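Here is the structure we will look at, set down as structure tokens.
The values are calculated or read from the model by the stated rules, or taken from the named source; none is laboratory data. Treat the numbers as computed from the prediction; the structure is a model and nothing was measured. Using ideal geometry, Cβ is built from the backbone for each residue, glycine included, and neighbour counts are taken over all protein chains shown.
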Amino acid sequence: MKIEKFIKDKGNKYKVIIDDIEYILFDDIILKYSLLNKKIIDKSLFNEIIKENEYLKNYYLVLKYISNRLRCKKEIIEYLKKKDVDDNNISFIIEKLNDEGYLNEYVYLKSFINDSINLSDDGPLKIKKKLIKLGFNEDSIEEVLDSILLNVDLNKRVTNIISKKIRLNNNKGIYYLKRKILLDLTNMGYNKETILDCLESINIDDSDIYKKEKEKAIIKFSKKYSGYELDMKVNNYLYRKGFRIGDYYEE
């Protein structure tokens, strides 16, 4: 097979004309096989070149994929499978990434946990669950997570989230609020005991909210009901909102 011409392409690629057919080859391949010094190659070498060039194409695709943020082994494999890359090619890429330090487990875990803490409200249990789903060993996760959490005030973090949720639910009673906050923060990955301790430390005064909601309910239901029926409708409305009628002093 005759190599007829090299034409510089974008980035680290060349258009190489072989037997009147154009192939896009990476400069790594051209240098490795000393193609600039060859005029003729046999079919066996040509097939080897094309195969390795395909490997490199997918490898550079992965480098672009991980350029914005670190990716773990499982994410990369799933990405390549979506691109219909065969298993042999995937193994080659993973091995090369490993050799070049792109799959350092500790670096990934540290980066993922720090990002989760600094850029989201996720709690330790949710962070751990996500990392297990990504294929990391539980002991490795806990080791890195515990070391990072030494510098995190979890109680302050939980208290801030609770305060935010109280502000967002400013028409709800204390019982509704506490149930919702406990459920929400449990789902966010925080320990139940920590949540309850923080809830106890916050003074939630919903008396003004109770008065406003009661007035609103009276106006709404008095259009259709009166007397005992009106009281029942108003009380049911307030109960659903998380208020317990006997807890409030009314003049």
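Consider segment 181-206. How many of its residues are out of contact with any Leu (no Cβ under 8 Å at 6 or more places or on another chain) and surrounded by 15 or more Cβ atoms within 10 Å (Cβ to Cβ)?
Of the residues in that region, 5 qualify.
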By my count, helices (runs of 4 or more DSSP H) wholly in segment 122-212 with at least 2 residues that are in contact (Cβ under 8 Å) with a residue 60 or more places away in the chain, more than 14 Å from Phe112 (Cα to Cα) and not assigned by TED's automatic domain parsing to the domain that holds Lys73 are 174-187
Given the conditions (1) without any contact (Cβ under 8 Å) to a residue 40 or more places away in the chain; (2) under 14 Å from the mean Cα position of the chain (by Cα); (3) in a helix (DSSP H, G or I), every one holds for Leu97 apart from (2)
